[in-house]
């Protein structure tokens with residue numbers, strides 16, 4: 001005898017509703033299977049190909065914006081941190097577009113937030129936990145490493161040499 005009550009069919013599993021009716025039918029669940037999910041829609045039923053082409057054009061535009069940071073028209077040419085922050089924002093936007101549209105997350109149910117919000121919080125947390133390590137990486141180094149590591153003054157000397165070479169070429 002099972003915990004589900006009496007059943008005339010020894011191989012039956014789950015609750016018995018009425019003869020000829022499954023529990024899914026009684027609860028109003030849609031039938032499962034490949035044929036049942038097709039209501040005559042094409043395979044790309046999430047807005048058609050135009051939406052994908054629009055996202056592709058946006059990705060191309062954003063890639064062009066990243067390359068713009070290296071052009072002479074970039075207004076913050078002498079402030080590389082601005083360019084880095086801009087390129088990070090563009091990269092995150094591109095990743096978001098790819099995940100939302102090409103990976104079909106945009107059309108998923110609301111459970112996607114249960115997966116993505118904790119993962120995003122963990123990524124931010126781990127990044128913030130690395131800040132002290134990155135900030136203090138030069139505090140205790142070997143003498144050989146200290147001899148060969150790049151310093152801010154070395155970078156400035158290299159930049160001046162590159163500017164002088166560019167001025168000499170013109």
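Just so it is clear, none of the values below were taken in a lab; they were calculated from the coordinates. It should be emphasised that the depicted structure is a prediction, and the values quoted were computed from it without experimental measurement. In this analysis, Cβ positions are derived from the backbone assuming ideal geometry, glycine residues included, and neighbour counts consider all displayed protein chains.
When region 103-125 is filtered for residues that are under 13 Å from the mean Cα position of the chain (by Cα) and in a loop (DSSP other than H, G, I, E, B), the ones remaining, listed by number, are 103, 104. Here residue 58 fulfils each of the conditions (1) out of contact with any helix residue (DSSP H, G or I) (no Cβ under 8 Å at 6 or more places or on another chain); (2) assigned to a helix (DSSP H, G or I); (3) loosely packed, with under 15 Cβ neighbours inside 10 Å apart from (1). The number of residues in region 73-95 being surrounded by fewer than 12 Cβ atoms within 10 Å (Cβ to Cβ) and in a helix (DSSP H, G or I) comes to 6. When the criteria are applied in full, residue 105 fails the requirement of being touching a helix residue (DSSP H, G or I) at 6+ places or on another chain (Cβ under 7 Å) and within 20 Å of residue 64 (Cα to Cα).
When residues of region 133-170 are filtered for being part of a helix (DSSP H, G or I) and either in contact (Cβ under 8 Å) with a residue 24 or more places away in the chain or closer than 22 Å to residue 80 by Cα (or both), how many remain? Here the count works out to 18.
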